[in-house]
1. May I ask you to work out the translational diffusion coefficient for the chain at 4 °C, viscosity 1.567 mPa s, via Stokes-Einstein with Rh from the Kirkwood sum over Cα pairs, reported in whole µm²/s?
2. Between K67 and L36, what is the spin-label point distance in nm, taking each point 7 Å from the Cα along the Cα→C-beta axis?
3. For all pairs of alpha-carbon atoms in region 1-47, what percent lies in each bin of width 10 Å, listed from the first bin to the last filled one?
4. At a 1.4 Å probe, what is the % contribution of carbon and sulfur to the accessible area of the chain?
5. With every protein chain present, what accessible area does Y143 have (1.4 Å probe, heavy atoms only), rounded to the nearest 10 Å²?
6. Antiparallel DSSP bridges in the chain: what percent, to the nearest 5?
7. Filter the trypsin sites (Lys or Arg not before Pro) in region 1-59 to those in DSSP coil with at most 10 other Cβ atoms within 10 Å of their Cβ, and list the result.
8. Mind checking which aspartates and glutamates have their C-alpha under 17 Å from K174, skipping anything on the same chain fewer than 8 residues away?
Amino acid sequence: MIAIIDYDAGNIGSVEKALDFLGEKTIVTEDPVRILNADGVILPGVGAFGGAMARLRARGLEEVIRKCVDREIPFLGICLGQQLLFESSEESPGVKGLHILDGRVMRIPAQEGLKVPHMGWNDLQFPRQGRLFEGLSDHTSVYFVHSYYLRAGEDQVVTARTEYGLMIDASVEKGNVFGCQFHPEKSADAGLQILRNFIRVTKG
């Protein structure tokens, strides 16, 4: 069973539906016991960095997420959920992220002909093999919706990048912790394969 952390993120329902389509049992919950007893945990995310961190902290979920990582429960952050795993974001100056991984979230710089937020399909490049991308080839296309991007502090954790005016760290993996800046639940067959691969990780 995969627990989807409930903290009023906008894409909870679409993540749940995608996992249901793959035949995986899910529970949407903020209950620490249920989260920590799950085979895998997903932190979805649509919204602002500061507000999301405030909701996680108000519900006591920051400590729960740290326990998930310490217990090596497979953990996947999606979109804002990936950004929250890092130190901070230019979107919310002064707000500390979970800092499970080193790195900062930056605003996509304005450029002529480049729309922000970045909304649409972009190709991925894989600088190293990541378990989420087994069975997928370079230039697989996935769906993004974001105005801020990750600059990871450790190059070796980056498993996918995309180009949108600059190179964006689109996915990370370190131990049991995974992140995707894009939305696998909205990325058609490629996204389902990514979620299928995460499910496989949760099964050991």
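The values are calculated or read from the model by the stated rules, or taken from the named source; none is laboratory data. Note that the structure is predicted; figures quoted are calculated from it, not measured. Note that we place each Cβ from the backbone using ideal geometry, even for glycine, and neighbour counts take in every protein chain shown. Accessible surface areas use protein heavy atoms only, side chains included; no ligands, DNA or RNA. Shrake-Rupley method; radii C 1.70, N 1.55, O 1.52, S 1.80 Å.
1. Translational diffusion coefficient: 78 µm²/s.
2. Using points 7 Å along Cα→Cβ, the separation is 0.2 nm.
3. 30, 57, 13
4. In the chain, the share of accessible area belonging to carbon and sulfur is 47 percent.
5. About 50 Å², rounded to the nearest 10.
6. 60 percent
7. K25
8. Straight-line reach from K174, under 17 Å: D70, E72, E87, D102, E134, E154, D155.
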